[in-house]
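The values are calculated or read from the model by the stated rules, or taken from the named source; none is laboratory data. Being a predicted model, the structure only gives us computed values, none of them experimental. Cβ placement follows ideal geometry from the backbone for every residue including glycine, while neighbour counts extend to all protein chains displayed. To get the accessible areas, we keep the full protein, side chains included, count just its heavy atoms, and leave off ligands, DNA and RNA. Shrake-Rupley method; radii C 1.70, N 1.55, O 1.52, S 1.80 Å.
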Amino acid sequence: MDQPSPSRSNNPYDLDGTTFDAERYLEKLLKDYTLKQIMDTETSIVRETQSLHSDMQTLVYENYNKFISATDTIRKMKTDFKQMETDMNLLKTKMESINTFSQNITGTLQGTRTQMSKLSEKHSLLSRLQFLSSLPAKLKTLLEDENYSEAVNEYMHAEKVFKQYGHQPSFQGIKQDCETIIKNLKEKLKEDFKSGKSAKSITETGELLLKLGEQPKDLADGMLQSSTQRLHEQIIMLQDQKERDMIEFVDMGIEGFLTDLTIVVTSYHDMFLREILEEERDDFHDNCTRQLNNFLNKNVDEYLSLIQDRVESETGYGGDTEIMLRGLDRLHRRLLAMKNMYQGVEINRNAMDIIISAAHQLCKVHQKNLKDHFSDNLSSLRLSLVSVKSDTNSLNLNELVSNLYVSTIEKAKGVLQDLLVFLQTEWSFNIKAEFKGSLCIDGIRENLLVEYLRHISKLMGSFADLNTSSSPPNLLLVLSKTCLELDQNGVHMLMSLVDELYDIESENSATLTHETEISASMRETAQLLLDSYVRLQGNNISQMLRKSVETRDWLNCLEPRSVRAVMKRVVEELTNIEKIVESFYDSTGGNGTRTSASSDSSRKTHFSAITPKQQFRTTWSNYTPSQLESTYASNIHKLFSEKVEIFTSVEFTKVSIITGIIKIGLKTLLECIRLRTFSKFGLQQVQVDAHFLQMNLWRFVTDENMVNLLLDEILGSAVHRCLESVLMEPNAVEIICERG
């Protein structure tokens, strides 16, 4: 069991406490502890007591040595201080003796010292007078050596003496000679000041004239006028440095024009603005500040206009954009330093406007290059389509689409990457922090990329106007597929890229164009081009059918023995079109999936079952009584038949495209049949042709019933226009078509 520990500082059982009670501690120990624990406690207390006695003994020994050393030191100090007291008394006696001798000497030399002071003053005066006597000759020598600064300093030093002794006759001649020399010097300095060749020389000359008492207002005006002329000459000199690159051009301007301008402004500021000239009017300081501001801003504007002209001449016309920006960055740093140099002087214009203007101009140049590049691609595309046969270019068309799409996307990507040079962190300017710069970044997205995509959509859409454009069908198909690719992938890729590169929050912006708008425009153009392709191909087939109907004498036809060649050519043309379209679009998806083919028996046309007019009437419409005239039967048949829409938008599937072409062709054939008059054999030829088309067209279309309905109307129109409505036997029709 451990030794009892105190619960607080006044615990009577605490051996180290001030309130320790030995009797109570012993009673508690005998009561709570075993014999072994009591013996252990005793041993521990004895050991601690011995250790404490040893520590106290050591401490006493150590302090005893210190006490002995301190005693020796005190005893030694008593002896030393006795000797020091004797020395101090001796020193005091000697100092009193020295003081007495000093007073005696001062009294003796008092008269001599007064006399020496007077002699010194006379010597100083004679020295100054001697300086005045040689001053005119010295001034002439300094002027001949063009040491104008030293001459002015010498005269200013002598002028104080002239003010004091110049009224004396002996000095009047010297004074007049010096004034004449200084007057000539002032005229010389004024000429140099007006025609100063450098800002440093003008500054030095101006300071000398101020020392010579020239009016500060006249000097201030003259300084700015002469500096303006000289700086303008430097601008003219810089205009001829067209062969230098932008960095060299800017460096020349900084080292020459801006350095001189800085010296002029600094000197003007130091001479007229830093210190208050007491002899001038109260508004002198404000007038000088205003004139300096006007002077500075006028020259900076003139120089920056020169820089801007140079930037405009280089931007996008073979000039290196990064070199141009490095030069503008140096200019921007220098102008910032000039702005922070003077208090009360402000520069209104800076290089940031030029940089942003360059970005806008470069965007315009890139936009023109993008448009020209796309126009060149279209020209190359048209040339490629002309040089390739239409029946063998199904694979080439895919390559043309891929080349046009990739070239368009990569060119735009390259432009967006090139414009990132304006946002490099190494530049001293930060376009993003500027309001105009932020608008410029938004302009890269809107005025460059969005406008470029809209231009693509508009330009490709112009080919869809068949009235003003003579575009080949395959061109329309390629352009339509390209627009569809841009809608599905390209627009999102480019818009996401520009938002990522330039940190544009387009999703939450009410002013920026959303990519869905551009995608919708692309898809609308793709639809327009595809519809135009269908109409153009349909018109080509219609042209063949129209000529075949209009050039044939249907009243004097022979009995049909074969299918007309134009029908075979129509089927061949549709087959070629299908091969081309199949390379772009499959037959699946949406309503573009063709219905399953009906059985062979169903494709054996019911036209062949119609023989006389009465048979035709009863077969053609199950709802018409046999006694009705065929005209009524035809009208009732049309009333209960599903109407076929001819010129409707097609889907982006092969079957839908071919179906649209077939509808246009069959509609044309129907209208041509209605304008002709047929004999019996002419009617039978139409019957054979219609059956041949039915046998071959079903595999191209979405809905076989639509083809049957149109062919039904064609044969019905021929029956109505026939003088002798006698149809051929169905078996004979099928034999001719299968043979044919």
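Tabulated values for the structure
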item	result
Considering residues of the range 483-505 that are touching a residue at least 12 places away in the same chain (Cβ under 8 Å) and part of a loop (DSSP other than H, G, I, E, B) only, the residue most open to solvent (accessible area, probe 1.4 Å)	Asp503
In the range 445-462, the residues that are farther than 15 Å from Arg523 by Cα and either charged (D, E, K, R) or open to solvent by 20 Å² or more (accessible area, probe 1.4 Å) (or both)	Arg445, Glu446, Asn447, Glu451
Residue within the range 515-533 that is touching a Gly at 6+ places or on another chain (Cβ under 7 Å) and polar (S, T, N, Q) present	yes
Of all residues making up the range 424-460, the number that are within 28 Å of Asn377 (Cβ to Cβ) and either outside any helix (DSSP H, G or I) or at pLDDT 90 or above (or both)	12
Residue check, Gly490 over 30 Å from Asn540 (Cβ atoms) and of a type outside the set (Ser, Thr, Tyr)	yes
Residue match in the range 511-533 (condition: more than 26 Å from Ile646 (Cα to Cα), among the hydroxyl-bearing types (Ser, Thr, Tyr), surrounded by fewer than 17 Cβ atoms within 10 Å (Cβ to Cβ) and under 44 Å from the mean Cα position of the chain (by Cα))	yes
Failed item, numbered, when Arg546 is tested on (1) without any contact (Cβ under 8 Å) to a residue 40 or more places away in the chain; (2) open to solvent by less than 80 Å² (accessible area, probe 1.4 Å)	(1)
For Val386: the one exception among (1) β-branched (Val, Ile, Thr); (2) surrounded by fewer than 19 Cβ atoms within 10 Å (Cβ to Cβ); (3) closer than 22 Å to Gln417 by Cα	(3)
Where a residue in the range 217-239 is open to solvent by 80 Å² or more (accessible area, probe 1.4 Å) and its partner, wherever it lies, is in a helix (DSSP H, G or I) and at pLDDT below 80, with Cβ under 7 Å and at least six apart	Lys217/Phe284
Qualifying residue in the range 198-215 (condition: of a type in the set (A, V, I, L, M) and at pLDDT 75 or above)	yes
Every residue from the range 555-567 that is in contact (Cβ under 8 Å) with a residue 60 or more places away in the chain, assigned to a helix (DSSP H, G or I) and open to solvent by 30 Å² or more (accessible area, probe 1.4 Å)	Leu555, Asn556
Residue check, Arg552 in a helix (DSSP H, G or I), open to solvent by 20 Å² or more (accessible area, probe 1.4 Å), closer than 23 Å to Leu666 by Cβ and of a type in the set (D, E, K, R)	no
When residues of the range 696-722 are limited to those that are among the charged types (D, E, K, R) and open to solvent by less than 30 Å² (accessible area, probe 1.4 Å), the one farthest from the chain's Cα centre (by Cα)	Asp712
Cβ pairs under 6 Å, 6+ apart, first in the range 300-313 and within 15 Å of Ile254 (Cα to Cα), second of a type in the set (Gly, Ala, Ser)	none
Per-region count, the range 723-733, residues surrounded by fewer than 22 Cβ atoms within 10 Å (Cβ to Cβ) and either closer than 21 Å to Phe678 by Cβ or without any contact (Cβ under 8 Å) to a residue 24 or more places away in the chain (or both)	7
Subset of the range 398-415 (residues that are open to solvent by less than 40 Å² (accessible area, probe 1.4 Å) and either under 17 Å from Ala358 (Cβ atoms) or of a type in the set (Gly, Ala, Ser) (or both))	Ser407, Ala412, Gly414, Val415
Leading residue by the ranking (least open to solvent (accessible area, probe 1.4 Å)) among those in the range 41-99 that are over 30 Å from Leu15 (Cα atoms) and of a type in the set (Phe, Trp, Tyr)	Phe81
Residue selected from the range 272-302 under the condition under 21 Å from Glu207 (Cα atoms), open to solvent by 100 Å² or more (accessible area, probe 1.4 Å) and acidic (Asp, Glu), by the criterion modelled with the lowest pLDDT	Glu278
Restricting the range 366-391 to residues that are at pLDDT below 90 and among the aliphatic types (A, V, I, L, M), the residue that is farthest from the chain's Cα centre (by Cα)	Val388
